Amino acid sequence: MEIKTHSLPSYPQTIASALEGSLQRGLATLEQELPPRWHEWVQEYQQSLGELSDPQVLLAETESAKVWAAVVAFLRVGRGTLFIANHQWQQREWQQVTQFLHPDRLWGSSIWQQQWLKLTNSNSAVNSVHRQTITPENQPASKKSELLIGFPTGGSSGTIRFALHSPQNLTVAVGGLRQCLDPLLPRHGQINSFCLLPLYHVGGFMQWWRSALTAGNFSPIDYGLVKEFPPPLPPDYVTSLVPTQLAYLLDRHDPWLKNFWLIFLGGAPAWPALLAKAKAAGLNLAPTYGMTETAAQIATLTPAEFLAGQTGVGKLLPHVRLTITKSDGEAVSPGTVGIINIQSDALFQGYVPQGTGQKEEIFTTGDLGYWHHGYLHVTGRRGRRLISGGENIDPEEIEAFLLDQNLVQDVVIVGVGDRHWGEMLVAVYVPKPSQGNELANLSQRVKAQLSGPKCPKHWLPVPTLRRSPLGKLNYQFWQTWATEQLGVKDKG
């Protein structure tokens, strides 16, 4: 289906102005305004790129306002690639990035400047925006290339890379979502967003892009503040949450959540008990499915469908085609679980460090799912599937059971190499406060309701699983940690 994007801003400079206006209006609804030095920051970022024809910029600002200013400035320049870093990365993640990324500019605080120089073993002086961080032999080619924005991905597997999107990709995604929501949208198609997610994640960035391109308001606010004191909301606002955020806010601020006319839910699997609780509270929830490579959601369940009892993550947005196949590419019948494959003009342009130009017409994801009466159901990640005792096991099923039954606060199921089982299931979990040391009782309850191969062989309690702001886990980290705790050599 052809997506109407001609009515949306298309030139980077026009989009930059739209982003600034949307942010300014959104802050006003929170009784805030742009920082006094806003225009000075934007100008400094622009001037730092000088005459570079194809600037490669790593954005590692920790201050939200400077991140906003940097994005606006980059689009006004209208060339090169902007890599948006996760400022919460630790040394291990930064070391990965320094191995493949050699930016012309590092936009960040002096602390990040010094950290970057230390990791790259550079002796060159550098400041926030005006000096280069690469050697002359790594200077970019003089040929001007398409403007691209790189979003970090791969944290759950432990291998970081950037998925590259053009403004056109992102705009197609906005057009598809707006067309899907058109019957529900107030005020001439405006999408007003109350953003609790970070801009380095496509799920946060796209809220700003949608609001800007539809002449809506973008109101970003720190999730930590909302956890304690949710601010008053004007009418006709939407937000996007991950399951851990929804669970927390539903327990403490469910009247506030009811003020949203639509709440997108994605980023990680939601357990059945959480969805049931949201439905009982009458929330206008819209479970979604999407990823960094698809410019956020590609399927969405409407609030009316959710409240009526429909399950899954909804029907496809109009800018997407999706097939479910076996590993050999053969299509499966409806109701059969298979690999999810995506076609869309909103697909990313390629990865860094793998480079651009490798975009395929069909993107084969690592996700498994099935169709049921036209609705998409996602069952888990293909890469996480374990084989224990000859049985294929999806860890997500066990995790969902434990959370659904309120047996643990949080949990991740990993596989540790074992001579007898092949992969031995291990539960790394955060105990319930009232649980104490009742591990034997916890294990018995699981054994009474799950088949033997699905019962973890070891239970390792931890104070926290250190989820990202999007509720995601680094599965490779916890697999390695569990292996070390059990004194088993890593099977890799």
Using a probe of 1.4 angstrom, how much of the accessible area of the chain is carbon and sulfur, in percent?
-> 49
Those trypsin sites (Lys or Arg not before Pro) in the range 304-412 that DSSP places in a loop and that have at most 13 other beta carbons within 10 Å | Lys326
Taking a cut-off of 14 Å between Cα atoms, list the aspartates and glutamates near Lys457, but don't count ones fewer than 8 places away on the same chain.
-> Asp418, Glu423
Rough spin-label spacing in nm, given labels placed 7 Å along Cα→Cβ, for Gln449 and Glu33 = 5.5
For the Cα atoms of the chain, what angle does the longest principal axis make with the long axis of helix 243-252, in degrees from 0 to 90, nearest 10?
-> 80
Return one quarter of the surface area of the convex hull spanned by the alpha-carbon atoms of the chain, equal to its mean projected area, in nm².
-> 24.3
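What longest region of the chain stays clear of GluC sites (Glu not before Pro) that DSSP places outside H, G, I, E and B and that have at most 11 other Cβ atoms within 10 Å?
52-329
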Please give, to one decimal in nm, the separation of the simple spin-label points placed at Leu460 and Ser17, each 7 Å out from Cα toward the Cβ.
-> 5.6
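As a quick test, which of the pairs Lys315/Lys454; Lys326/Lys447; Lys258/Lys432; Lys432/Lys454; Lys118/Lys472; Lys227/Lys277 have an alpha carbon distance above 24 angstrom in this structure?
Violating the 24 Å limit, Cα to Cα: Lys315/Lys454; Lys326/Lys447; Lys258/Lys432; Lys118/Lys472.
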Beta bridge orientation in the chain: antiparallel %, DSSP, nearest 5 | 60
Label model pair Asp404, Tyr223: point-to-point distance (7 angstrom along the Cα→beta-carbon line) in nm is 2.4
Nearest 10 degrees, 0 to 90: what angle lies between the long axis of helix 38-48 and the longest principal axis of the chain (Cα atoms)?
-> 80
The answer for the per residue Cα convex hull volume of the range 210-306, in Å³, is 111
Quick tally, 1.4 Å probe accessible area for Lys447, Lys227, sorted with the most first, runs Lys447, Lys227
In degrees, nearest 10, range 0 to 90: what is the angle between the Cα axis of helix 12-29 and the longest Cα principal axis of the chain?
-> 70
Could you pull the accessible area for Tyr248 with a 1.4 Å probe, rounded to 10 Å²?
-> 60
Mean accessible area per residue over the chain (1.4 angstrom probe, all protein chains present, square angstrom) is 45
Given 0.36 nm per residue, what is the gain on full extension from Glu438 to Lys118 after removing their alpha carbon distance, in nm?
-> 110.5 nm
Under-5 Å amide H pairs with Gln310, H placed in peptide plane, nonlocal only | none
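The values are calculated or read from the model by the stated rules, or taken from the named source; none is laboratory data. This structure is a prediction, so every number in the text was calculated from the model and none was measured. Cβ coordinates were reconstructed from backbone atoms using ideal geometry, including for glycine residues, and neighbour counts include every protein chain displayed. Accessible surface is based on the protein model in full, side chains and every heavy atom, while ligands, DNA and RNA are left aside. Shrake-Rupley method; radii C 1.70, N 1.55, O 1.52, S 1.80 Å.
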